[in-house]
Amino acid sequence: MTTRKDIAERNDRTLLQAARDVLAEDGAHASVAAIATRAGVGIGSLYRRYKTKEELFQRLSLLSLDHWNETAEQGLADPDPWAGLTAFIHGCVAFGQGTLAPVAGTIEVTQEMSAKARRGDELLDELVRRAHQADVLRRDVTAVDISLLIEQFGRSPVVDQLRKQGRGDLLTAAAEARRRLIAIALDGLRPGHSPLPGSPPGEELFTGRWSSE
């Protein structure tokens, strides 16, 4: 039996996809009206559920964090450290994880968001630790590297452009090209490659952007 909660969560996920699409095109200037239109809901009904644009983005951020944590837990449940890590990356990329990055620093980070983000950091740290311990992940790759990689592949400029142009004839080829690039990137995480340039990225590059101070 479908409950009101189920319907609300489904609608929120539709809004998340709409927000992802609009943010890909308009960045932090994405309007609630554009998101509502893309999601196929009226602006009035959206505002009845979310009083402000900030409240909408906070809710979508929580949904994104929930998905990150659930996917990481599934990865840790896999006894194969490499399979668990790559399944986590694939799951996050397919979800469009990181596509809310344009709103970083523009909304208040709630206590619930902070708590779920900390849990996500712990889970990813454990995925990386297991992979290092099993010697299936190059030693100079950090959890922040993985987070930034997911954010980079969380959207595809080519796919976004073709979708905006209505070029359905090229979308399949673009999606296949994206999968190839992700496979190339994942292969680069394996041991046996030349050392990575520069120093490992700091946490501020990923989570520090969300601070409005």
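Would you check which residues across the range 153-187 are open to solvent by less than 30 Å² (accessible area, probe 1.4 Å) and free of Cβ contacts under 8 Å to residues at least 12 places away in the same chain and list them?
Passing the criteria: none in range.
Pairs, please: C-beta under 9 Å, at least 6 apart or cross-chain, first residue more than 19 Å from Asp6 (Cβ to Cβ) and in the range 48-70, second among the acidic types (Asp, Glu)? If the second residue must be among the acidic types (Asp, Glu), the pairs left are Glu54/Glu108; Gln58/Glu108; Gln58/Glu112; Leu65/Glu112. Evaluated against (1) closer than 30 Å to Arg190 by Cα; (2) of a type outside the set (Asp, Glu); (3) modelled with pLDDT under 90, Trp68 falls short on exactly one condition, (3).
For the range 93-109, the set of residues classified as among the β-branched types (Val, Ile, Thr), in a loop (DSSP other than H, G, I, E, B) and either touching a Leu at 6+ places or on another chain (Cβ under 8 Å) or within 23 Å of Gln74 (Cβ to Cβ) (or both) consists of Thr99 only. Between Arg10, Arg38, the distinction of being buried (at least 16 other Cβ atoms within 10 Å of the Cβ), of a type in the set (Lys, Arg) and in a helix (DSSP H, G or I) belongs to Arg38 only.
The condition of being open to solvent by 20 Å² or more (accessible area, probe 1.4 Å) and in contact with a helix residue (DSSP H, G or I) (Cβ under 6 Å, 6 or more places away or on another chain) holds for only one of Ala24, Ala30, that being Ala24. Yes or no: the range 11-32 includes at least one residue that is of a type outside the set (A, V, I, L, M, F, W, C), at negative phi and in contact with a Ser or Thr (Cβ under 6 Å, 6 or more places away or on another chain). Yes - at least one qualifying residue is present in the range 11-32.
The values are calculated or read from the model by the stated rules, or taken from the named source; none is laboratory data. Model, not experiment: these values are computed from the prediction. For neighbour counting, all protein chains shown are included, and Cβ atoms are generated from backbone atoms with ideal geometry for every residue, glycine included. Accessible surface areas use protein heavy atoms only, side chains included; no ligands, DNA or RNA. Shrake-Rupley method; radii C 1.70, N 1.55, O 1.52, S 1.80 Å.
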